[in-house]
Structures are given as C-alpha cells and as structure tokens.
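None of the figures in this text is laboratory data; all of them are computed from the coordinates on show. Worth saying up front: this structure is predicted, and the values here are computed from it rather than measured. As a convention, Cβ positions derive from the backbone with ideal geometry for all residues, glycine included, and neighbour counts pool all protein chains shown.
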Amino acid sequence: MTKDDVAGCFEYYADLAEGLDAKQKAPVSLPMETFKSYVLKEPLGVVALITPWNYPLLLATWKVAPALAAGCTAILKPSELASVTCLELADVCREVGLPPGVLNILTGLGTEAGAPLASHPHVDKVAFTGSNATGSRIMASAAQMVKPVSMELGGKSPIIVFEDVDLDKAAEWTLFGCFWTNGQICSATSRLLVHVSVMPSVLNACQMTSQPKAKVEILYVTNTLTTFIFARYNTFPLQFTVYALG
Ligand SMILES: NC(=O)c1ccc[n+]([C@@H]2O[C@H](COP(=O)([O-])OP(=O)(O)OC[C@H]3O[C@@H](n4cnc5c(N)ncnc54)[C@H](O)[C@@H]3O)[C@@H](O)[C@H]2O)c1
Ligand SMILES: NCCCC=O
C-alpha cells in the first residue's frame, strides 16, 4: 500500500510542477495599461523536512515530492527510529537522475540533527510532522529568524455516532479506525462521541461495558513491541476514550 501511495504522490506533484511551469509569468490584468504585472513563482530555497517514525516513507514523501516540485532543495531528517526507507528513497532519486545535492538525507537524533537543522540560518523553511511538543520547539526556534514553518502535529480524531445510524457498522468502523495498524496512525479514531441514547448499544457492540457519561479507557497492548510503539506514539498506553453526548 505504501509503495503505491508513494508513487502516486510523486506523480501528483510532478503533474502540479508541469502545471506551474505552464502558468509561469501569467499576466495579471491591471486597470492602467501603462503598468504591466505578471505572476512569477520562485522556489523558497533550502527546506528542512522533519518526519516521524510512523509511515516513515509515505510521510517523508508527502514533504519531499511537493518540495522538489516547487523547485526547492531539501534536507530530509527522518525519525531516528525508522530512517532506512528514506535512505532507500534517496537511492531511487539518485537512480532516476536527480542531481546531487537536491535531496539530502540527514539521519540522527532529534536534538542532535533535527534541532540544529530547524535553527540553521541557511534553511529557508521547516516542514514538520510529529508530536505537538517537538512542533512547539521547532516553531519557537524558527520564530527567532521569522522562518516559515508548516506543522502537522498530533491530536485525537473523534468519531461522532448519532442515534439514527447502523450501530454495528458504527462500532466496526470505530474500532477499525482506532486500532488499524495497531493505532500507529495520526488519524486513529481514538475518541468516540456517542449520543447518550445509543451509548449502551454502541459500547456493547464494541464489546465494552460502561455507564453513560463515564469515561472508558481500554488497553490493547499485546506485546512489548506494541507497548514500546504506543509509548512513543502517544501517551502511554493508547487511550480509547468515550464520551456521551446528550
Ligand atoms: N499530523 C500528522 O499528519 C501526523 C502523522 C503522523 C504522526 N503524527 C504525530 O507524530 C507523533 C509521533 O511521532 P514521533 O514520536 O516520531 O514524534 P516526535 O515529535 O518525537 O519526532 C518527530 C521528528 O522530530 C525529530 N525531533 C525530535 N526532537 C526534535 C527537536 N528538538 N528539533 C527538531 N526535530 C526534533 C525526531 O527526531 C523525528 O524525526 C504523534 O504525536 C503523532 O500524532 C502526526
Ligand atoms: N495513511 C497514512 C496516514 C499517515 C498518518 O499517520
């Protein structure tokens, strides 16, 4: 799945890049004919791309492909927990003829490789995906130089269950959304907002028991690897939280 998504992402941005070229220097009409105006799009320059450990290749691609399509040179700092596929990506880029120095991979710890990159005066922009805490640190250091940043951070993605839905399907999609890929996904539906009148049925369908308005936390920790992953990914343990809506 990841390989197809990665290829699709590069193709998408390659098309956009060609579209950009076609629109380059497009004239803008002005009310006074003595003045001429046109749109000139220029690359920002050197961009730092800092990515997390989950979906390591795909999330790096979501940054590398648009950066290259915009004509920037990029320094990708993948997670220290999952760097190998990004090094493979660099090999593929070299094989297909990307000029040396256009895409650079910098491996290492966040404090030792990521932080100096984010605060470097020759880096023109930082694009980051990861935790809120790290995002906040990067924003603070980039702010010293009024450096633009884009942030894709963590959070909880709620599923809202109304009274009139198919409750079995709601339960099925809720659990799939939360625990697909062991919950190692930014959009894990780990918060359930459910109408109070159907709450017992939904919880029953989810094979849980609870009282309305109670907060339910269940642990789906099956082995030490998963424990470690959950600890890195979110708060430990992964919390699946249910609230009743009246
Ligand atoms: N919004 C999204 O699209 C999305 C997608 C996937 C994961 N996430 C979030 O990512 C988090 C999990 O990933 P993680 O544990 O790798 O996150 P993390 O914030 O610990 O690390 C992310 C990256 O930042 C680097 N880093 C750490 N400290 C740094 C610093 N001081 N300066 C610069 N770089 C630094 C790390 O080495 C890594 O490459 C979760 O919060 C999850 O919700 C969000
Ligand atoms: N389908 C990829 C989602 C990436 C977020 O974690």
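For the reader, a short list of remarks on this structure follows.
- Formal net charge of residues neighbouring Val39 (Cβ-Cβ distance under 13 Å; K, R +1; D, E -1): +2
- Within the range 1-29, backbone nitrogen closer than 16 Å to the virtual label 7 Å beyond the Cα of Val96 toward Cβ: 2-19
- According to the Cα-based calculation, Rg over Rh for the range 3-152 is 1.04, with Rh computed by the Kirkwood formula.
- Amide H contacts under 5 Å for Leu103, placed H, 5+ residues apart: Ala74
- Computed from phi, the 3J(HN,Hα) profile of the range 155-172 under the Karplus parametrisation 6.51, -1.76, 1.60 (θ = phi - 60°) reads x, 10, 10, x, 9, 10, 10, 8, 5, 9, 9, 6, 5, 5, 5, 4, 5, 4 Hz, with x in place of Gly and Pro.
- With 19 Å as the limit, the listed pairs Lys63/Lys147; Lys25/Lys125; Lys3/Lys63 have Lys25/Lys125 beyond it between alpha carbons.
- Förster radius 25 Å - calculated FRET efficiency between Ala143 and Ser187 (Cβ-Cβ, nearest 0.05): 0.35
- For Lys77, distant residues with modelled amide H under 5 Å away: Leu49, Ile50, Thr51, Leu106
- Sorting the segments 39-51, 155-167 by their residues' average number of neighbouring beta-carbon atoms within 10 angstrom, most packed first, yields 39-51, 155-167.
- Spin-label pair Val39/Lys169, simplified geometry with 7 Å Cα→Cβ offset, distance in nm: 4.0
- For the range 62-82, the residues whose amide N sits under 19 Å from a probe point set 7 Å from the Cα of Asp15 along the beta carbon direction are 62-71.
- Long-range amide H partners of Glu152 with built H, under 5 Å: Phe128, Thr129, Gly130
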